[in-house]
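The structure appears below as structure tokens.
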Amino acid sequence: MQNVELLSFATADELARAAAAAWLNEVEAANRAGKTYSVALSGGRITQKFFTATVEQKQLRNISFANVHFFWADERCVPPTDPDSNFKLADELLFKPLNIAADKIHRLRGEDAPATAVMVAEAEIGRWVPPNSDNRPGLDLIFLGMGEDGHIASLFPKASGKNLDNSASFLVVENSPKPPPTRISLTYKAIFAAKNIVILVSGAGKEAAFRESLKPGGRTPLGRVIQARPVKIFSDLPNINL
Ligand code: 6PG
């Protein structure tokens, strides 16, 4: 499948370590080129392992994060202090250990009215992320996880059609099948616009959704991303071949 580079690992820990090493290489290359670097993070269990592995490896390698700007692929509409907050997850496991400066963290304001938070997020990403050839903010990298239903960010199977046409960078998701119910997510078009996409697929119960996503015409949100552009997938699911 030409759009997919699939790297398979025996365990979630091995996956997290490999993804962390690859990302640190990207940050190092951006530093060498004297470029700022913009990344959008996701939430979820594998992300926790990934953040921890990144911090461990960063301590061993002299790589600066001073030029890295942080955004999110999605956020739950909860306060930043809430255990469900994707910002809180990153703040505790990544930003505090790496001493990331506050002006490099462009969080989605889950505590605000969702429509207001989307407007603020739209302006923020437009201010900090240079446009690509389609005049959309072209993030250097978006990290995505995949859910048991093949969702990515907070783009779920049932709403796909409506969301595919949304030309903004962010949208509000109500009644999410994955709690909490209200979320803010990058749109498909915003995801398609990124320079690079890395997807961390980890955890039991995801085989069927992953296989469907890898099929030509696969009818999951991950499948729609794969059909639209190249992606790099780190997976710990067994027996998955392209
Ligand atoms: C979220 C995430 C979501 C997550 C997947 C995978 O805010 O819930 O962004 O898209 O990445 O559901 O989560 P797990 O790694 O925990 O299975």
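The values are calculated or read from the model by the stated rules, or taken from the named source; none is laboratory data. These figures come from a predicted structure and were not determined experimentally. Cβ sites come from the backbone with ideal geometry, for glycine too, and all protein chains shown count toward neighbours. Protein only, heavy atoms only, side chains kept; ligands, DNA and RNA dropped before computing areas. Shrake-Rupley method; radii C 1.70, N 1.55, O 1.52, S 1.80 Å.
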Estimated 222 nm signal from helices in the chain, with DSSP H stretches of n ≥ 4 weighted -39500 (n - 2.57), rounded to 500 | -10000 deg cm²/dmol
Roughly how many Å² is the accessible area per residue of region 4-149, as a whole number, for a 1.4 Å probe?
-> 46 Å²
For region 84-114 and region 115-157, write down the distance between their C-alpha centroids in whole Å.
-> 15 Å
If we sort 123-132, 202-211 on the protection proxy, mean other Cβ atoms within 10 Å, highest first, what's the order?
-> 202-211, 123-132
For the chain, just run the numbers: alpha carbon Rg, then divide by 2.2 N^0.38 Å, N being how many residues it has.
-> 0.93
Enumerate the calculated ³J(HN,Hα) couplings along region 69-83 in order (Karplus 6.51 cos²θ - 1.76 cosθ + 1.60, θ = phi - 60°), each rounded to whole Hz, writing x wherever the residue is Gly or Pro.
-> 9, 10, 10, 10, 6, 7, 8, 7, 7, 9, x, x, 8, 6, x
Past 22 Å, Cα to Cα, is the threshold; run K49/K232; K58/K88; K104/K206; K49/K215; K96/K195; K158/K232 against it and keep the listed order.
-> K104/K206; K49/K215; K96/K195; K158/K232
State whether region 163-229 is rounded, prolate or oblate according to the following rule on the C-alpha gyration tensor (a ≥ b ≥ c being the square roots of its eigenvalues): a/c under 1.5 gives rounded; otherwise a/b larger than b/c gives prolate, and the remaining case gives oblate.
-> oblate
Descending Cα extents along the principal axes, region 128-178, whole Å | 33, 21, 15
Quick one: which residues, 5+ away or cross-chain, put their amide H under 5 Å from the amide H of M146? H built at 1.01 Å from N.
-> L200, S202
For G110, enumerate residues with amide H under 5 Å from its amide H, sequence gap 5+ or separate chain, H modeled in the peptide plane.
-> V78
In Hz, Karplus ³J(HN,Hα) per residue of region 176-192 (6.51, -1.76, 1.60; θ = phi - 60°; x = Gly, Pro) = 4, x, 9, x, x, x, 10, 9, 10, 9, 4, 7, 4, 5, 5, 5, 4
Express the carbon and sulfur contribution to the solvent-accessible surface of region 4-149 as a percent, rounded to the nearest whole number, probe 1.4 angstrom.
-> 51 percent
Mean separation of Cα contacts under 8 Å, 6 or more apart, over the residue count of region 4-149: relative contact order % = 26 percent
5 angstrom amide H check on L6, placed H, neighbours 5+ away = I233
